Amino acid sequence: MNKTRKRQTRFLRDALVMGLALLFLMPVIWVVLSSFKPNAELYLVPPTLFPKEPTLANYQSALTVGHFATYTWNSFFVATMSTLIALLTNSMAAFALAKYRFVGRQALFLLTLATIMIPLQVIMVPIFLVLRNLGLTDSLWGIIIPPAATPTGVFLLRQYMLSIPDEILESARIDGASEWGIYWRIILPLSIPALATLAIFSFTWRWNDFIWPFIVISSEQKATLQLALARLVGQFGVDWSTLLAATVITLLPMLMVFLLLQRYFLSNLTAGSVKG
């Protein structure tokens with residue numbers, strides 16, 4: 001009897017989880033299916049979920065809007081370089097805060113965390129003025145460099161690195177390893193789950209970023225995909241079928257990154273919870 005009750009409870013729990021997952025995925029499912037609909041079918045009443053006359057014309061139109069290949073490359077370059085710089089800078093800061101003992105370490109860590117409460121809108125103008133003085137406006141590097149180092153990344157990596165035993169580092173120092181060697185050959189390999197998690201977050205943030213590229217970039221050749229999507233919204237109307245197809249295309253790189261790194265991401269959910 002107990003086994004039967006456990007099966008029923010497990011079935012209800014799984015059904016509830018599947019139902020909630022489907023509920024949250026419905027907008028994405030609708031966007032993907034609607035991207036194959038002709039424009040007139042999007043205005044049917046009542047609306048339909050599955051396309052009655054599926055077509056790839058929307059994707060052909062999306063791929064030929066402006067310089068789509070250039071937009072895609074710009075977004076990929078910005079997201080990739082921002083992620084690499086974020087992994088390097090944040091991991092260095094996290095290593096210092098997690099494994100070194102120095103005066104003011106906790107205060108510096110708390111100060112770093114406090115910057116999370118500062119919204120981008122507050123520091124947007126000063127950062128833009130700095131970029132203008134450095135000649136980085138209307139440049140992809142002007143998008144990449146300012147948001148590369150994040151307090152969220154430092155916190156995530158620092159908490160994970162606290163779980164790495166100090167004895168491993170001390171043994172490496174006794175064997176003659178340099179501090180850079182300890183960081184590069186020990187800390188980074190052992191922190192792969194946390195690094196993969198930060199890589200997913202960083203790539204997603206930079207790929208979806210609109211406000212900062214909108215402020216920094218002024219030329220068409222330097223535009224990212226998010227700016228290109230915004231320009232599909234015309235003054236007198238919106239080509240919804242093309243916009244939906246372009247939106248689905250922009251989702252694919254993020255999906256690929258998550259699928260490649262998900263096993264590290266999932267393993268990090270229960271790791272690195274040691275208190276500092």
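Ranked from highest to lowest mean number of other Cβ atoms within 10 Å per residue, what is the order of the peptides 248-255, 191-198? Don't skip to the end; give the middle numbers.
Values: 248-255: 15.1, 191-198: 23.2.
Sorting 248-255, 191-198 by mean packing, highest first, produces 191-198, 248-255.
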Unit-weight point scatterers at every alpha-carbon of segment 54-194, Debye formula, q = 0.20 1/Å: log10 I(q)/I(0) is -1.20
Helix 2-34 sits off the longest principal axis of the Cα atoms of the chain, rounded to the nearest 10 on a 0 to 90 degree scale, by 60 degrees
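Hey, what D do you get for segment 2-55 in µm²/s if you plug the Kirkwood alpha-carbon radius into Stokes-Einstein at 25 °C and 0.890 mPa s? Kindly include the intermediate steps, with their values, before the conclusion.
Details: Rh = 13.5 Å.
Estimated diffusion coefficient is 182 µm²/s.
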Ranked output for segments 178-190, 144-156, 114-126 by mean other Cβ atoms within 10 Å, highest leading, reads 144-156, 178-190, 114-126
Taking a straight Cα-to-Cα line shorter than 23 Å from Lys37, and setting aside same-chain lysines fewer than 8 residues away, one finds Lys52
To the nearest 10 degrees, the tilt of helix 120-134 (Cα long axis) against the first principal axis of the alpha carbons of the chain is 80 degrees
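Nothing charged except the Cβ atoms of Lys and Arg (+1) and of Asp and Glu (-1): what's the magnitude of the dipole of segment 2-55 about its Cα centre? Round to the nearest 20 debye. Intermediate values should be presented prior to the final figure.
On the way: 8 positive and 3 negative charges, 146 e Å.
With Lys and Arg at +1 and Asp and Glu at -1, about 700 debye.
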Under a Gaussian network model of the chain whose springs join Cα atoms within less than 10 Å, the largest fluctuation of Phe50, Phe109, Phe36 belongs to Phe50
Debye calc, one equal point scatterer per Cα of the chain, no solvent, log10 I(q)/I(0) at q = 0.10, 0.14, 0.15 1/Å comes to -0.72, -1.12, -1.18
In degrees rounded to 10, the 0-90 angle between helix 151-161 Cα long axis and the longest Cα principal axis of the chain is 50 degrees
Over segment 2-55, with neighbouring protein chains present, the accessible area per residue in Å² at probe 1.4 Å is 84 Å²
Subtracting the Cα-Cα distance of Ser139 and Met254 from 0.36 nm times their residue separation yields 39.1 nm
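The values are calculated or read from the model by the stated rules, or taken from the named source; none is laboratory data. On a predicted model such as this, the values are computed, not experimentally measured, just so you know. Cβ coordinates were reconstructed from backbone atoms using ideal geometry, including for glycine residues, and neighbour counts include every protein chain displayed. Calculation scope for accessible area: heavy atoms of the full protein, side chains included, ligands and nucleic acids excluded. Shrake-Rupley method; radii C 1.70, N 1.55, O 1.52, S 1.80 Å.
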